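The values are calculated or read from the model by the stated rules, or taken from the named source; none is laboratory data. These numbers come from a predicted model, not from an experiment. Methodologically, a virtual Cβ is constructed for each residue, glycine included, from the backbone with ideal geometry; neighbour enumeration extends over all protein chains shown.
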Amino acid sequence: MAMLFDGKRALVTGAGKGFGRAIAKKLAECGAETFALSRTQADLDSLKLEVPTINILNVDLLDWDKTREEVSKIGHIDLLVNNAGVSKKSSFINTPKENIDMMFDVNFKGTFNVSQVIAKKMIDSGKGGSIVNLSSTMSEKALTNGCVYSTTKSAVDMLTKCMALELGPHNIRVNAINPTVVWTDLTLQYKDELMPLLALTPMGRFPEIEDVVNAVVFLLGDQSGMISGECLRLDGGLGVH
Ligand code: NDP
C-alpha cells in the first residue's frame with residue numbers, strides 16, 4: 001500500500017525528545033526517508049534503536065557554521081520541520097543577555113539557518129517542498145516571565161510569512177503551528193505558571209503530542225497544497241480571547 005510520504009526525504013530538528021521525536025517517527029512511518037537532528041547523542045541512539053530506518057545527525061544549532069555544513073551534506077530534502085526550541089523563563093527586568101542570545105539563537109536563528117540551506121536546495125532541484133516551523137500560542141500572548149520566548153516565536157511567525165512570500169514562486173510552502181501547552185520536558189518545568197491557561201481554553205483541555213504530529217503531517221502533505229504563510233493555532237480555542 002502506498003504511504004503518504006513515499007519517495008520523500010524529510011528533516012526534523014530537535015528530534016531527540018518531545019514533539020520532534022514523535023514527528024520524526026511518524027514521518028518515517030509514513031514512508032519518508034527521515035533525518036533526525038538533535039544534540040544529545042543518547043536521545044538519537046535510542047531513536048535509532050526504536051526506528052532503525054531513521055538517519056540520525058548530532059548537530060548543535062547554536063553553532064551556525066557547523067549546522068550549515070552538516071545540513072548541506074544531507075542532500076535534497078522535500079519536507080522540513082523546524083521544531084528545535086528552548087525556553088528559559090525570567091522577568092523582563094532580570095533577563096540576562098545570555099538568555100536572550102540562547103533563545104534567539106535556537107528558536108529563531110536555528111530555524112532561519114536550516115531553512116536557508118534546505119530552501120536553496122529545494123530551489124536548485126526545481127522540486128519545491130514543504131516547510132513547517134514550530135511556533136507557539138505565546139507568539140501572540142504575553143505571559144509573565146515569558147518575554148524572550150514569546151518574542152522569538154513572534155519572530156518565527158513573521159519569518160514563516162516572509163519565507164512563504166519569497167519561496168512560493170519556487171513551489172515551496174511554509175507554515176507554522178502554534179500550540180498552547182503540551183506536557184513535555186520543555187513545559188513540565190513551568191507547570192504552575194502554565195496551568196492557569198487551561199481555565200481560559202474553551203475546549204477545557206491542552207493538546208496532546210499526537211495533535212501536534214497530526215497538524216504537522218497535514219501541513220507537510222499535499223492535502224494542504226494551497227495553504228502557505230499560515231500560523232495555525234492549535235489551542236482548543238484559547239486564541240479567541
Ligand atoms: P523538548 O524540550 O521536549 O524537545 C526539544 C528538542 O529540541 C530536544 O530534543 C532538544 O535537544 C532539541 N534542541 C534544543 N536545542 C537544540 C540545539 N541547540 N540544537 C539541536 N537540538 C536542540 O521541547 P518540545 O517538544 O516541547 O518543543 C518542541 C518545539 O515546540 C519547540 O520549538 C517549542 O518551543 C515548541 N512548542 C512547544 C510547546 C509545548 O507545550 N511543549 C508549545 C508551543 C510550542 P536537547 O534535549 O539535547 O537539548
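I'm checking my understanding of the structure. Among residues of region 16-32 that are more than 11 Å from residue 47 (Cβ to Cβ) and buried (at least 20 other Cβ atoms within 10 Å of the Cβ), which one is nearest to the ligand (Cβ to nearest atom)?
18
Checked against (1) away from the ligand (no atom under 15 Å from the Cβ); (2) in a helix (DSSP H, G or I), residue 6 passes all but condition (2).
Within region 157-186, being in contact (Cβ under 8 Å) with a residue 12 or more places away in the chain and closer than 13 Å to residue 136 by Cα holds for 157, 160, 175, 176, 177, 178, 179, 180, 181, 182, 186.
Looking only at residues of region 158-173 that are crowded, with 18+ Cβ neighbours inside 10 Å and out of contact with any Gly (no Cβ under 7 Å at 6 or more places or on another chain), we find that the one that is farthest from residue 211 (Cα to Cα) is 167.
Kindly provide the set of residues from region 122-152 that are in contact with a Leu (Cβ under 9 Å, 6 or more places away or on another chain), in a helix (DSSP H, G or I) and under 22 Å from residue 234 (Cβ atoms), ordered by number. Listed by number, the residues that qualify are 137, 149, 150. Would you be able to say whether some residue in region 110-124 is touching a helix residue (DSSP H, G or I) at 6+ places or on another chain (Cβ under 7 Å), surrounded by fewer than 18 Cβ atoms within 10 Å (Cβ to Cβ) and without any contact (Cβ under 8 Å) to a residue 12 or more places away in the chain? Checked region 110-124: no residue is touching a helix residue (DSSP H, G or I) at 6+ places or on another chain (Cβ under 7 Å), surrounded by fewer than 18 Cβ atoms within 10 Å (Cβ to Cβ) and without any contact (Cβ under 8 Å) to a residue 12 or more places away in the chain. Regarding region 84-99, can at least one residue be identified that is more than 9 Å from the ligand (Cβ to nearest atom) and touching a Leu at 6+ places or on another chain (Cβ under 6 Å)? The answer is no, given that none of the residues of region 84-99 is more than 9 Å from the ligand (Cβ to nearest atom) and touching a Leu at 6+ places or on another chain (Cβ under 6 Å). Quick one: is residue 134 aliphatic (A, V, I, L, M), surrounded by 21 or more Cβ atoms within 10 Å (Cβ to Cβ) and in contact with a helix residue (DSSP H, G or I) (Cβ under 8 Å, 6 or more places away or on another chain)? Considered against the rule, which asks whether it is aliphatic (A, V, I, L, M), surrounded by 21 or more Cβ atoms within 10 Å (Cβ to Cβ) and in contact with a helix residue (DSSP H, G or I) (Cβ under 8 Å, 6 or more places away or on another chain), residue 134 comes out as yes. Look through region 210-241, keep the residues that are in contact with a Ser or Thr (Cβ under 7 Å, 6 or more places away or on another chain) and surrounded by fewer than 18 Cβ atoms within 10 Å (Cβ to Cβ), and return whichever of them is farthest from residue 146 (Cα to Cα). In this case the residue turns out to be 218. For the condition more than 9 Å from the ligand (Cβ to nearest atom), at negative phi and touching a residue at least 60 places away in the same chain (Cβ under 8 Å), what is the one hit in 57, 11? Selected residue: 11, the only one of 57, 11 that is more than 9 Å from the ligand (Cβ to nearest atom), at negative phi and touching a residue at least 60 places away in the same chain (Cβ under 8 Å). When you check residue 186 against the structure, is it in a helix (DSSP H, G or I), over 15 Å from the mean Cα position of the chain (by Cα) and not aromatic (Phe, Trp, Tyr), yes or no? Answer is no for this residue.
Of everything listed in (1) in a loop (DSSP other than H, G, I, E, B); (2) farther than 22 Å from residue 216 by Cβ; (3) hydrophobic (A, V, I, L, M, F, W, C); (4) in contact (Cβ under 8 Å) with a residue 24 or more places away in the chain, the single unmet condition for residue 102 is (1). Filter region 188-217 for residues that are near the ligand (Cβ under 8 Å from one of its atoms) and in contact (Cβ under 8 Å) with a residue 60 or more places away in the chain and give the result. Result: 209, 212. In region 39-51, the count of residues that are outside any loop (DSSP other than H, G, I, E, B), farther than 20 Å from residue 217 by Cβ, at pLDDT 95 or above and in contact with a Gly (Cβ under 7 Å, 6 or more places away or on another chain) is one or more.
Across region 14-36, what is the total count of residues that are outside any helix (DSSP H, G or I) and free of Cβ contacts under 8 Å to residues at least 60 places away in the same chain? Working first, answer last.
So in region 14-36, the residues outside any helix (DSSP H, G or I) come out as 14-17, 30-36.
Subsequent filtering for residues that are free of Cβ contacts under 8 Å to residues at least 60 places away in the same chain retains 16, 31-36.
Residues that pass the stated criteria total 7.
Got a number for residues in region 33-54 being polar (S, T, N, Q), more than 9 Å from the ligand (Cβ to nearest atom) and under 16 Å from the mean Cα position of the chain (by Cα)? Residues in region 33-54 being polar (S, T, N, Q), more than 9 Å from the ligand (Cβ to nearest atom) and under 16 Å from the mean Cα position of the chain (by Cα): 1 in total.
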